[in-house]
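First up is the structure itself, then whatever we jot down about it.
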Amino acid sequence: MPIVVIGLSHRTAPVNVRERFAFPDARVPAVLKQLRDSGAASEAVILSTCNRVELYAVTTLEPRAAFPALQDFILKCHDYRDPVQDEFYSLAEPHSLEHLFKVACGLDSMVLGETEILGQLKKAYDLALQGGHSGARLNKAFQKAFNVAKHIRTETNIQRGSVSVGSVAVELAEKIFTSLHGRQAMVIGAGDTSEKTARALLSRGVQSIIVSNRSHERAVELAAELSGRAVHFEEWAAEFPATDIIISSTSAPHYILDRARLAPLLKPRKNRPLLLIISLCRVTSSPRSTSSKMFISTTLTTSKPSPTTISASATRKSSAARPLSATRPAPCSAAQILPARFHRPGPHSDINEPFPMTAFI
């Protein structure tokens, strides 16, 4: 029986479409059971990250019959009734296996060679394995993909330089502040992406880290690990005036940062630069610019999606980021500003879209 894959990613669909098809971890086992009970697949693994949602399946159906059946299953799972055009891709062997290996190695990621995706792929596989939804065929394929990924990372230079979204975001932060020594950072949301970015900031000299999370216990735990301090989620705005860098990556079902919330907080700063490092998964609305000293950076994270996003417009001067002037320049794509380490995205990637905010770093 062949292994097939069907899905969508940053190359084929914008974030507002990708988030519609995201599968929370808690829901995956039931979905896999439902799929197998339907007879469309005998084995299955669901990989759901911020930048991709993919279903790997072993099926008795011919690919021409399997692809529409699997796509229809995904659409029904999310009650998606809008027209579907080219957002989904489908691959049969050997291309499905080649794609799995590329994903595991970070070759299909926005940040070429990034390491987070391998951990996410292993987690997706373990989730299917524990539920008995992965059998001999997928077990062999995924184990081989993990081995190949390990070999690629140890035998090549793919990991040389910045290969995590956190380290890339921190490099961009240094373009704004020149030096991060003595700066204060605040983490809103204590997930994996926030933690890794905060650790990268500390390694570059950031003086202190403040952690705010809906679960205050988790905030206290992460703050202790980072030698920082925790504040209650309802009180993070009080720390805003003295903060230089804000890392925001949450799974909240509503906007965390928007114009109404930010505008009054920016006034006491008296034009001090502020860098927002925000997950590409939506955590802010897209207000108009509120300050010529506010910079926006999306970390292009592969973490679990949340239902809100950011928009920003980019400017460039001597390859360094700068605030927008009063006269708004023509929008340019972030691909013109982000370092070459970022893999060139597909035509539907959000990174190629002009954004109506202050600056895209």
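The table that follows gives values for the structure above.
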| quantity | calculated |
| --- | --- |
| Given (1) assigned to a helix (DSSP H, G or I); (2) in contact with a Phe, Trp or Tyr (Cβ under 9 Å, 6 or more places away or on another chain), index of the condition Lys123 fails | (2) |
| Total residues in the stretch 89-103, condition touching a helix residue (DSSP H, G or I) at 6+ places or on another chain (Cβ under 9 Å), closer than 20 Å to Gln120 by Cβ and open to solvent by less than 30 Å² (accessible area, probe 1.4 Å) | 3 |
| Test: residue in the stretch 33-43 that is under 22 Å from Ala136 (Cβ atoms), surrounded by 20 or more Cβ atoms within 10 Å (Cβ to Cβ) and not aliphatic (A, V, I, L, M) | yes |
| Residues of the stretch 46-70 classified as surrounded by fewer than 18 Cβ atoms within 10 Å (Cβ to Cβ) and in contact (Cβ under 8 Å) with a residue 40 or more places away in the chain, total | 2 |
| Breaking point among (1) in contact (Cβ under 8 Å) with a residue 40 or more places away in the chain; (2) part of a strand (DSSP E or B); (3) not hydrophobic (A, V, I, L, M, F, W, C), for Ser194 | (2) |
| Candidate set from the stretch 209-253 (those that are in contact with an Asp or Glu (Cβ under 9 Å, 6 or more places away or on another chain) and in a helix (DSSP H, G or I)); member that is farthest from Val187 (Cα to Cα) | Glu225 |
| Residues within the stretch 1-30 that are modelled with pLDDT of 95 or more, in contact with a helix residue (DSSP H, G or I) (Cβ under 6 Å, 6 or more places away or on another chain) and not in a strand (DSSP E or B), tallied | 1 |
| Residue in the stretch 40-57 that is part of a helix (DSSP H, G or I) and polar (S, T, N, Q) present | no |
| Of residues in the stretch 181-191 being more than 15 Å from the chain's Cα centre (by Cα) and without any contact (Cβ under 8 Å) to a residue 60 or more places away in the chain, the one most open to solvent (accessible area, probe 1.4 Å) | His181 |
| Within the stretch 104-122, tally of residues that are at pLDDT below 95 and open to solvent by 30 Å² or more (accessible area, probe 1.4 Å) | 5 |
| Residues of the stretch 131-143 classified as of a type outside the set (A, V, I, L, M, F, W, C) and either without any contact (Cβ under 8 Å) to a residue 12 or more places away in the chain or open to solvent by less than 10 Å² (accessible area, probe 1.4 Å) (or both), total | 4 |
| Residue match in the stretch 217-231 (condition: out of contact with any Phe, Trp or Tyr (no Cβ under 8 Å at 6 or more places or on another chain), aliphatic (A, V, I, L, M) and within 16 Å of Leu275 (Cα to Cα)) | no |
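The values are calculated or read from the model by the stated rules, or taken from the named source; none is laboratory data. These numbers were taken from a predicted model, which means no experiment stands behind them. Note that each Cβ is placed from the backbone with ideal geometry, even for glycine, and that neighbours are counted across all protein chains shown. Side chains are part of the model used for accessible areas, which takes the heavy atoms of the whole protein and leaves out ligands, DNA and RNA. Shrake-Rupley method; radii C 1.70, N 1.55, O 1.52, S 1.80 Å.
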